[in-house]
Amino acid sequence: MSLLSNGDTLESLGNSSVFNFVLQDKPTSPTNGGGEEVDVDPHFEPIIYLPEVHVHSNEEGETILIQLRAKLFRHCNAEKLWKERGTGEVKLLHNEETNAVRVVMRRDKTLKLCANHYVTLDMELKSNCGSDRAWVWSTQADVSDGEPRPEVLAIRFQNADAAKRFKDKFEEAKSLVATAVKEGQDSHDDEANEASENSDVEGSSSEDEVAKGVSNLNISDSKDQKAEKEDTVKHEVAGGVSKSNITSDAKDQPEEKETEKHGVDPKDT
């Protein structure tokens, strides 16, 4: 667009405050050889390359049993009223390795946890004030705030059908947990039986070892007694021989004396 009329210059206008505007034709877009317009998309290389960051939600390896949109509340015992925790997607996550199921709910946009606890056999969904689209339950350890603490939670769905679907899946989750508990008890019983069998085998082997040790002691005692008897006999025999020698010596001494007494001196002859 030009601010000057045809044939006018800045010098010719002088101090005039009147300007005539003339619209010029819009510049044409670039075309290819056939006269068709070509869209020009300029590309600029980034100055700094930022690596892609993978954010772990700690939900990897778990299967989603159900996922519904709802609003969650918690009961404040100090103020005796319900407080809103957030609106978002509530999910029941099943771990196939351990058969554990947990309730996980994150707030919209921020994705901050507002519910995170395991499903246990003592949990029961109860209707809230007779409503067909809201449930109330209690948990002993909700860790959405980082530390486990007991909570009384209430959840409200968009319609009664969504609430019914959630309750059905919740009961299915409890059956999965019951199966896991039963399998754990069976494995514990098997370990206990195996341990008792091992202890019985060890006890019998120890009894055999004790009996063998006792028999060895008896054999050694008999050997010792036999050796003692042999030593006693040897001592007795040795004592008898010494006594016989003593008596024989005693008998021979008087004869020698008599011989000396009644003997003839050779010089006298």
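Bear in mind that the values in this text are calculations on the coordinates, not laboratory data. Quantities reported herein were computed from a predicted structural model and do not represent experimental measurements. Every residue, glycine as well, gets a Cβ built from its backbone with ideal geometry; the counts of neighbours run over all protein chains shown.
A few points about this structure:
- Qualifying residue in segment 128-144 (condition: without any contact (Cβ under 8 Å) to a residue 24 or more places away in the chain, loosely packed, with under 15 Cβ neighbours inside 10 Å and of a type in the set (A, V, I, L, M, F, W, C)): yes
- Residues being surrounded by fewer than 20 Cβ atoms within 10 Å (Cβ to Cβ) and within 20 Å of Arg133 (Cα to Cα) - total across segment 52-79: 8
- When Trp82 is tested against (1) touching a residue at least 60 places away in the same chain (Cβ under 8 Å); (2) buried (at least 18 other Cβ atoms within 10 Å of the Cβ), only condition (2) is not met.
- Candidates in segment 114-127 are the residues that are part of a strand (DSSP E or B) and of a type outside the set (Phe, Trp, Tyr); of these, the one that is surrounded by the fewest Cβ atoms within 10 Å (Cβ to Cβ) is Lys126.
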